[in-house]
Amino acid sequence: MLSGLLKFILGVSLAIAVLIGSGVAVALYFMNRTAIPPAKPIFSNDSPAVQNKSPKATNKETASSSSDSATPNESAEALPPGAYRGRVTWSEGLSMRAEPNQDAERIGGATFNQRVIILEESQDKDWQKIRLEGGTKEGWVKAGNIERVD
């Protein structure tokens, strides 16, 4: 009788220990899974062609910036009056819009550290019209995300 009672108490305590251990293991697993940031989402209105060309444009941009520094007179003549050169400082890049408002059509983008030419600013100074350096595409971006470079 005593050995049967001892076996019962030992079995119940062992079962409780196994349940607690597995519960802790499952809790740690889910806690670690939530600590991993998710992958950047791809939305249906994102253009894969623009995303794939962005790194290439950055490489071309680096090559064109070295040629610009070799001939500063040519690059100074290429700028329209009142325009200046800049560099995108927003780490996620910028969306170029057809008009200076958030609801306007997205016509392209500029990647982080990409060099651009600032052509003008909106009347309220919230938007800047830019042209990608080495290209002809122009569009409006939110002001404050571009740093002036000389």
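Quick look at the values:
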item	result
5 angstrom amide H check on Glu121, placed H, neighbours 5+ away	Lys129
Footprinting exposure proxy for Lys142, Lys40, Lys137, Lys129 (fewest neighbouring C-beta atoms within 10 Å first)	Lys40, Lys137, Lys142, Lys129
Long-range HN-HN contacts of Val116 with modeled amide H, under 5 Å	Gly86, Arg87, Val88, Glu133
Separation in nanometres of the label points that stand 7 Å from Cα toward Cβ, at Ser13 and Glu147	6.5
Order of Asp126, Asp150 under a 10 Å beta carbon neighbour criterion, fewest first	Asp150, Asp126
Extended-chain gain in nm, criterion 0.36 nm per residue less alpha-carbon gap, Asp124 and Ile20	31.2 nm
Long-range HN-HN contacts of Ala143 with modeled amide H, under 5 Å	Trp127, Gln128
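Read-outs: derived from the displayed coordinates by stated rules, not from any lab. These numbers were taken from a predicted model, which means no experiment stands behind them. As a convention, Cβ positions derive from the backbone with ideal geometry for all residues, glycine included, and neighbour counts pool all protein chains shown.
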